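Q: Below: one structure in structure tokens.
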Amino acid sequence: MKITLSVIKADIGGFVGHSSTHPEVVNTVREHVAKEVEKGNLIDSDILTCGDDIAIVMTHTHGVDAELVHKIAWEAFEKGTEVAKKLKLYGAGQDLLTDTFSGNVKGMGPGVAEMEFEERPSEPVIVFFADKTSPSAWNLPLYEMFADPMNTAGLVIDPKMHDGFTFEVLDVYTGKAVKLNTPAELYDLLALIGSVGKYVVKNVYRNYDGEIAATASTQRLSLIAGQYVGKDDPVLIVRAQSGFPAVGEILEPFARPWIVEGWMRGSHNGPLMPVSFEDARPSRFDGPPRVIGAGYQIANGKLIGPADMFKDPAFDKARMVAQDMADILRRQGIFEPHRLPAEEMEYTTLPKVLKRLEGRFYDTEVERLSEEQKIEKEDMD
Ligand code: F6R
Ligand code: MG
Ligand code: MG
């Protein structure tokens with residue numbers, strides 16, 4: 001059976017501040033979507049939370065970009081927003097950028113990751129969900145999962161994976177995408193996706209048969225809204241096993257924390273910490289950025305799960321390392337490289353500060369000259 005797995009997420013209000021979600025809001029969203037399952041519009045649904053974000057996981061047969069499915073998510077978030085407003089939660093409705101739904105949530109604020117596939121005899125998938133970071137946070141782990149044989153032994157050992165994978169890479173500024181075939185074009189891929197502020201991996205396909213292997217939400221809220229309205233905390237769907245990376249190969253990159261953009265005010269670098277569902281409440285300096293892994297077996301479109309994939313002592317060390325990395329970066333305070341370079345910051349007072357100081361900048365070379373030399377220089381100029 002061909003089914004579609006859609007994950008649509010939004011921040012519709014934080015409890016407290018930007019740290020977590022409120023159960024009343026989450027339940028309102030859950031109930032709305034569950035009713036659509038009862039009506040037969042969806043096969044199944046689940047709700048995940050990470051930090052102040054809510055993700056609606058849905059299975060159905062309407063394909064990707066289906067108006068019906070996007071509308072269900074939009075209306076669920078609208079209902080949740082009403083509750084968030086009533087409770088005066090922080091930033092209530094912040095990711096719903098327009099008042100009226102117009103066919104597709106893309107460009108309207110929520111993040112979307114969707115894929116359609118023929119359900120295999122057994123269909124394990126993992127939905128990753130991160131808070132206080134951006135979709136480019138997936139660039140490094142996707143490379144490791146699908147193109148690094150030192151991470152994914154299956155690339156060498158499994159005949160279905162041995163032909164490699166093709167990465168679809170999006171330039172978030174122009175909206176243009178390019179497909180790069182690995183291992184042949186591996187270095188071209190890395191040349192692009194190492195630039196995390198500009199390029200993000202959108203989809204990954206298996207070369208053996210073109211099957212979709214992974215898909216990520218690639219919205220950049222700051223660019224959609226033309227102004228900062230919150231970090232575009234991303235989701236990622238990855239299919240596992242039998243010709244895709246094994247569950248353990250998919251999780252392995254997260255055992256070695258790396259540094260991502262986001263954290264406080266969306267303007268800092270920080271480690272991405274893999275955590276259990278209950279620990280996905282970033283509070284220290286509004287972080288550090290968190291990621292959860294929700295594992296499902298899909299059975300005739302039903303979501304069997306979720307399993308809390310990072311609730312494993314084997315990830316305790318990664319959490320400790322991430323804490324150490326956080327300490328090292330926090331030591332830098334407002335100084336780069338903890339704080340992002342000016343052009344990457346989500347909001348900044350720098351232009352205003354520069355405007356105020358405009359008339360007070362002076363030429364240090366001229367300042368060193370005597371009064372006569374200054375007059376001479378002015379004449380020459
Ligand atoms: C980062 C984030 C928070 C806020 C910060 C300031 O993604 O959501 O770190 O940027 O708490 O929030 P405001 O400007 O709403 O006071
Ligand atoms: Mg928020
Ligand atoms: Mg968030």
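Q: Please give the FRET efficiency for Phe361 paired with Val16, using the beta carbon to beta carbon distance and R0 = 56 Å, rounded to the nearest 0.05. If you can, show how the numbers build up before the last one.
A: On the way: r = 42 Å, r/R0 = 0.75.
Between Phe361 and Val16 the formula returns 0.85.
Q: Listed highest first by mean packing, meaning other Cβ atoms within 10 Å per residue, what order do 172-178, 183-189, 21-27 come in? Write down the numbers at each step before the final one.
A: Details: 172-178: 12.3, 183-189: 16.3, 21-27: 18.9.
Packing order, densest peptide first, comes out as 21-27, 183-189, 172-178.
Q: By how many degrees, 0 to 90 and rounded to 10, does the Cα axis of helix 67-86 deviate from the longest principal axis of the chain?
A: Relative to the chain, helix 67-86 is tipped by roughly 60 degrees.
Q: Taking a cut-off of 17 Å between Cα atoms, list the lysines near Lys39, but don't count ones fewer than 8 places away on the same chain.
A: Counting by Cα, and skipping residues close in sequence, Lys39 has these lysines nearby: Lys71, Lys302.
Q: Using mean Cβ contacts within 10 Å as the protection proxy, how do 276-284, 162-170 order, highest first? Display every interim value, and only then the final one.
A: Details: 276-284: 17.0, 162-170: 20.4.
So the peptides 276-284, 162-170, ranked by packing, come out 162-170, 276-284.
Q: For Lys352, which lysines qualify as cross-link partners when the Cα separation must be under 27 Å and same-chain residues fewer than eight apart are set aside?
A: Qualifying lysines at Cα under 27 Å: Lys132, Lys198, Lys231.
Q: Find, among the trypsin sites (Lys or Arg not before Pro) in the range 298-381, those assigned to loop by DSSP (not H, G, I, E, B) with at most 10 other beta-carbon atoms within 10 angstrom.
A: Working: sites: Lys302, Lys311, Lys317, Arg319, Arg330, Arg331, Arg339, Lys352, Lys355, Arg356, Arg360, Arg368, Lys374, Lys377; in loops: Lys311, Arg331, Arg368.
Passing sites in the range 298-381 are Arg331, Arg368.
Q: Against the longest alpha carbon principal axis of the chain, how many degrees, from 0 to 90 and to the nearest 10, is the axis of helix 316-330 turned?
A: The angle comes out at about 20 degrees.
Q: So between Ser276 and Lys311, what do we pick up on full extension, going 0.36 nm a residue minus the alpha carbon distance? Before the final figure, lay out the partial values.
A: Working: separation 35, 0.36 × 35 = 12.60 nm, distance 0.47 nm.
Taking 0.36 nm per residue and subtracting the Cα distance, the gain is 12.1 nm.
Q: Taking the Cβ-Cβ separation of Asn27 and Leu186 as r and a Förster radius of 56 Å, what is the calculated FRET efficiency to the nearest 0.05?
A: 0.80
Q: Also: Mind computing the radius of gyration and Dmax over the alpha-carbon atoms of the chain? Å is fine for both.
A: 23.1, 89
Q: List, in the order given, every pair from Lys355/Lys377; Lys9/Lys85; Lys106/Lys176; Lys9/Lys160 whose Cα-Cα distance in the structure shown is over 25 Å.
A: Details: Lys355/Lys377 27 Å; Lys9/Lys85 18 Å; Lys106/Lys176 16 Å; Lys9/Lys160 32 Å.
Cα-Cα > 25 Å for Lys355/Lys377; Lys9/Lys160; rest within.
Q: With angles folded into 0 to 90 degrees, how steeply does helix 371-380 sit against the dominant principal axis of the chain? Use alpha carbons for both and round to 10.
A: Long axis of 371-380 versus the principal axis of the chain: about 70 degrees.
Q: Find the relative contact order for the range 29-101 and round it to a whole percent, using C-alpha pairs within less than 8 Å whose residues are 6+ positions apart.
A: On the way: 69 pairs, mean separation 19.4, N = 73.
So the answer I get is 27 percent.
Q: Okay, next question. Modelling each spin label as a point 7 Å along the Cα-to-Cβ direction, I'd like the Thr98/Arg120 distance in nm, to one decimal.
A: 3.8 nm
Q: Kirkwood Rh, the range 1-115, all Cα pairs: how many Å? Intermediate values should be presented prior to the final figure.
A: Values: mean 1/r = 0.0725 Å⁻¹.
Roughly 13.8 Å, rounded to one decimal.
Q: So if each residue of separation counts as 0.36 nm, and I subtract the Cα-Cα distance between Thr348 and Glu378, what length gain in nm does that give? Don't skip to the answer; put the middle values down first.
A: On the way: separation 30, 0.36 × 30 = 10.80 nm, distance 3.67 nm.
Full-extension gain reported as 7.1 nm.
Every number in this text was worked out from the coordinates using simple rules, so none of it is lab data. Note that the structure is a prediction, hence the values are computed from the model and not measured. Because the Cβ atoms are built from the backbone with ideal geometry, glycine has one as well, and the counts that use them run over all protein chains shown.
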